[in-house]
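Some notes on the structure that comes next.
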Amino acid sequence: QKPPTAGLVSRKRLTMPGRSSSSFNPNDCFSLLVTELGLQGSGDIISITSMRGFTGGMNSGIWFVKVNGTNKLCLKLVSAQRKCAQLPTEAGNYTDLAKRYPYLLSRSTLGGLLAFPVKIFDVAAAPSTGSSRVLFNLIAMPVARGVRLAEILGRKVHAREDNSRILEEVGRQLRRFHERINGTSGRLEVQHTDFQPCNIFVDEPNLGRGDNGGVTFVDLGGMGVSVKEGDYEHFVKSLTLLGQTYGQEFVRMSVKAFTEGYGSNARGQRGGGAQGSLELPLRHHAPWIHPKVSTAGRVISTANSPSYRITRA
């Protein structure tokens with residue numbers, strides 16, 4: 001029986017001329033990549049182009065695999081070395097998650113909500129360099145549809161109704177993600193861990209439609225790793241920081257919409273007071289921000305964070 005990660009980790013090793021990430025070019029192993037990614041024999045025009053401008057994150061390069069001119073997959077080169085002994089590499093973390101939750105390997109993971117990798121490659125220096133050590137991993141993942149939420153919020157800072165609809169859907173999808181991975185009761189052990197507007201894509205024409213509501217979460221490399229604060233608190237802090245530019249009214253309405261979405265169940269219905277509500281201690285924020293989230297009797301926390309207990313209405 002094949003292990004659950006058999007389709008995720010490629011047995012084919014990629015090589016590069018030197019030991020520096022700058023010497024790696026995915027086009028040097030174009031045929032192998034096309035075959036391993038299941039794109040061969042399609043008759044389509046396939047190309048690999050480098051991402052221009054700011055790429056963000058802890059990566060050493062980003063490329064897009066284009067099929068007939070449309071971005072289909074994103075290739076990200078990351079270090080294969082641990083930053084510290086306690087933390088797995090990004091590729092290692094993805095592999096561990098796939099073992100624990102095999103359904104993450106489906107291309108339609110959670111209805112397209114997560115841009116989870118479809119293939120991971122080891123990258124080593126060519127034998128001529130005198131070393132065969134794996135230096136990097138090349139991670140292939142789906143391209144998210146739409147535009148980053150950070151860009152939308154900046155563009156529509158005065159379009160309060162539009163922003164509220166979007167943020168409510170984002171909150172609803174975060175709740176759905178948490179409950180699908182962790183169940184509907186107990187501790188939230190697996191979270192995104194870097195849930196902020198730049199790691200969320202929104203396909204506005206399809207907002208509220210389909211399983212993912214037109215929302216996709218990206219940059220999942222730290223998913224499930226122990227952090228000091230949960231996704232909900234981290235996102236609200238991100239909105240509050242944006243308030244330094246967009247104003248406190250923006251923060252108030254944005255937090256309210258996001259909280260209402262997260263406090264909804266899968267059908268968009270509000271949780272009742274009989275189930276209790278959760279008051280999150282948002283430190284370093286304006287004193288008037290005290291959102292409560294319906295939790296249906298569960299405890300929300302991460303491995304290293306305090307447990308936020310139910311408070312009865």
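Here are some notes:
- Listed peptides 211-222, 84-95 appear in the order 211-222, 84-95 once ranked by packing, highest mean of other Cβ atoms within 10 Å at the front.
- Rounded to the nearest 20 debye, the dipole size of the stretch 88-209 about its Cα centre is 220 debye, using +1 on the Cβ of Lys and Arg and -1 on the Cβ of Asp and Glu.
- Dipole magnitude (debye, nearest 20) for the stretch 14-141, charges at Cβ of Lys, Arg, Asp, Glu: 260
- Karplus-derived HN-Hα couplings along the stretch 225-234 (A = 6.51, B = -1.76, C = 1.60, θ = phi - 60°), whole Hz, x at Gly and Pro: 6, 5, 9, 7, 9, x, 4, 4, 5, 4
- Using only alpha-carbon positions in the stretch 14-141, the gyration tensor eigenvalues give semi-axes of 23, 21, 14 Å once each is multiplied by 5 and square-rooted (largest first).
- Listed by chain and number, the lysines whose C-alpha is less than 24 Å from the C-alpha of LYS228, apart from same-chain residues fewer than 8 away, are LYS83, LYS237, LYS256, LYS292.
The numbers here are math on the coordinates, done by the rules we state, and not lab data. Predicted, not measured: the structure shown is a model, and the values here were computed from it. No Cβ is skipped: glycine too gets one built from the backbone with ideal geometry, and neighbour counts run over all protein chains shown.
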